[in-house]
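The values are calculated or read from the model by the stated rules, or taken from the named source; none is laboratory data. Note that this is a predicted model, so its numbers are computed, not measured. Cβ sites come from the backbone with ideal geometry, for glycine too, and all protein chains shown count toward neighbours. Quick note on the areas: whole protein, heavy atoms, side chains included, nothing else; ligands and nucleic acids left out. Shrake-Rupley method; radii C 1.70, N 1.55, O 1.52, S 1.80 Å.
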Amino acid sequence: DLHTAEDVVQDAFAAVCRTHGTSLDGLRDPGAYLHTAVVNAARSVLRRRRTARAYTPPHQGYGPPVDEGLLLVEEHRQVLDAVAQLTQRQREVLVLRYWSDLTEAQIAQTLGLSRGTVKSTASRALDVLEKKLGAGR
């Protein structure tokens, strides 16, 4: 294609200028030298393209099981159902702790509770979730 051909010629001229400077007096036949440089560069481009087209990526193996999405949806639904059965304060504490990644002190300040209340509320909420989710297995 035209753009690649222009790039090849420009790269060949630049390489000759880097090697021999802007004066080509040191070359016996600069035209033939440039012609050979362009032809060799074009062959290199074609060789790289052929190699790239021939490349076959390694086999990725089998994907996840077909029913994995359904199983995850079911598991998420069970977790959300169990969280819905918690008290509002327990849900707030767990969401701030595990979703918003706040510290106990930040949760206490946000909810206007003591740090001990946040710790005990989170502990009780996790116990309830463990019982509800463990019973379903």
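So if each residue of separation counts as 0.36 nm, and I subtract the Cα-Cα distance between Thr22 and Leu46, what length gain in nm does that give?
That works out to 5.8 nm of additional length.
For a paramagnetic label modelled at 7 Å from the Cα of Glu75 toward its Cβ, which residues of the stretch 106-137 fall within the zone defined by backbone nitrogen distances under 17 Å?
Zone members listed by number: 130-137.
Thr110 accessible area, nearest 10 Å², 1.4 Å probe?
About 90 Å², ignoring ligands and nucleic acids.
What do you get for the angle between helix 2-20 and the principal long axis of the chain? Use alpha-carbon atoms, 0 to 90 degrees, nearest ten.
Computed tilt is about 70 degrees.
Which percent of the accessible heavy-atom area of the chain goes to carbon and sulfur, probe 1.4 angstrom?
The computed percentage sits at 56.
In the stretch 52-137, what chymotrypsin sites (Phe, Trp or Tyr not before Pro) fall in a loop by DSSP, with at most 13 other Cβ atoms inside 10 Å?
Here the chymotrypsin sites (Phe, Trp or Tyr not before Pro) that fit, given the DSSP loop and packing criteria, are Tyr55, Tyr62.
Identify which of the listed values of P(r) over Cα pairs in 10 Å bins from 0, in percent was calculated from the structure shown: (1) 10, 20, 13, 8, 7, 9, 15, 13, 5, 0; (2) 12, 41, 36, 11, 0; (3) 10, 32, 32, 19, 6, 1.
From the options (1) 10, 20, 13, 8, 7, 9, 15, 13, 5, 0; (2) 12, 41, 36, 11, 0; (3) 10, 32, 32, 19, 6, 1, the structure gives (1).
For Ser123 and Gln60, what is the calculated FRET efficiency with R₀ set at 41 Å and r taken between the beta-carbons, to the nearest 0.05?
The formula returns an efficiency of 0.40 here.
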